[in-house]
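What follows draws every value from the coordinates through simple rules; no lab data is involved. Just so it is clear, the model here is predicted, and its values are computed rather than measured. When we count neighbours, we look across all protein chains shown, and the Cβ atoms used for this are built from the backbone with ideal geometry, even at glycine.
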Amino acid sequence: MFAMFWRKIVVGIVTTFATLLVLTPFIIAAPITFVIFFYVLLGIGVYGLWVSIFSDVVVPEESKLNALYTFLVHVGFVIMPVFILQIIEPRTELPFYFYFAIPISILFWMFDETLRRQRKMKWSPVLNQKEKWICGSISITILIVVLSWFSYGTLDKVTPLTRHYIPEGYEGWTYVFYDVEDYPALTKEGDYRVIKYNSEGVAWTSSSYEGSSVDDNEFYYISESGDKRIIPMDHVHFGNLSSFSYMDTDESRVIHYDAIDLIFIGTEEEFRNSPEPDYKKFIPDYDPARAEFKFEIPNEYTGWVKLDLTAHSGELTDRTIRVDQNGEATFSYPNVSFDKDYDDFHYVTDDEEKRAIPQELLSDFYYYPDLIVFYIGHREDEDLFPYQEYKKKNE
């Protein structure tokens, strides 16, 4: 029995490296190699190895079709759970690793079958009834636990069906603000969640965002009398899911909107020529005049400005961030979003005279776990921020 376990472990390791060898030409970064190695080894260890042991228990060793039967067990235990899930919920989204699981299971079976036939190595012992009962009980218990966890996790990620009711004749960007306190949860019509927009194309709900796709949405114009008509899908254009944070200075707290769904209603040409969606104007407790950040930069400074999120900066006075001669400042509010087109940026002389920094000299903001950076200077001088080099230098 232990010889069989040892064979399965060896086959699992060989299969993992063989998978990496096949995928190596398609890997663009070294860290991805370790991620693939980890997930393949994990999948084989918690599932594939026990499927293979189960196949050795249930398939008779003396059968002339032993190889075929074990092949069907190896591949069948990959396809069967997905097939059952599709029957239970046809809209189940398959996890990305499923598409690798079938070829990996075939590789595992090939290597296992090769070693099983090496009689001289004694890696294919004939199990007695007691050993079969022990191996079968352990393997089927583990497989039931793993399949239950997989089924629960997969069904839990099904994108909900959603029905959108938009005021008759509305064209332009629509906005759905999710997870907002003091607003009602989305109602349901059968299997569909219902989103009702106001005359400005905005909807608020305390419900959470659970995904969105063309196939899972229906769009209707609805008149004041309640009459509905379908909006053709070529008049529906999905934007990016956004989020927004800002500081409420009266209460000294960060207000965060986790999910803002953006959808444009109109023709393809209107969509291409439409201005960028402006959801900030619909946020009831957001006052742009109060929420501006003011950056004070040493006169004529060019280069990267670094905001260190790990050091406490104390209270933020008038939302003013003062940058030193090295282009560094501390900032203790990691969830705040900056906007180069909205916030104020000034050069400050030694005499405290201020001069606005031209917009064309400002880059976008780049967010790291412990650092926020942006660049001041001509665009041809701009390069990617050397984050790793900067961190090592400041350790």
Net lengthening on full extension, Phe150/Asp227 (0.36 nm per residue, minus Cα-Cα):
23.4 nm
So who's got an amide H within less than 5 Å of the one on Gly239, skipping anything under 5 residues away but keeping other chains? H placed 1.01 Å off N, in plane.
Leu262, Ile263, Phe264
For Leu68, Leu49, what ranking results if the residue with the fewest other Cβ atoms within 10 Å of its Cβ goes first?
Leu68, Leu49
Rg [Å, one decimal], Dmax [Å, integer] - the stretch 161-282, C-alpha atoms:
14.9, 46
Could you check the spin-label model distance between Tyr342 and Tyr366? Points 7 Å from the Cα along Cα→Cβ, value in nm.
2.3
Integer Hz, Karplus 6.51/-1.76/1.60 couplings in order for the stretch 218-227, x for Gly and Pro:
10, 10, 10, 7, 10, 7, 5, 7, x, 5
Could you work out the relative contact order of the stretch 161-282? I mean the mean sequence separation of Cα pairs under 8 Å and 6+ apart, divided by the number of residues, in percent.
31
Would you please give the residues with an amide H less than 5 Å from that of Tyr368, counting only those at least 5 places away or on a separate chain, with H modeled from the backbone geometry?
Val373
Sorted by Cβ density within 10 Å, fewest first, the residues Leu186, Leu115:
Leu115, Leu186
Between Asp258 and Leu72, the two model label points (7 Å from Cα along the beta-carbon direction) sit apart by a distance in nm of 4.7
Where nothing but the Cβ of Lys and Arg (+1) and of Asp and Glu (-1) is charged, how large is the charge dipole of the stretch 161-282 around its Cα centre, in debye to the nearest 20?
120
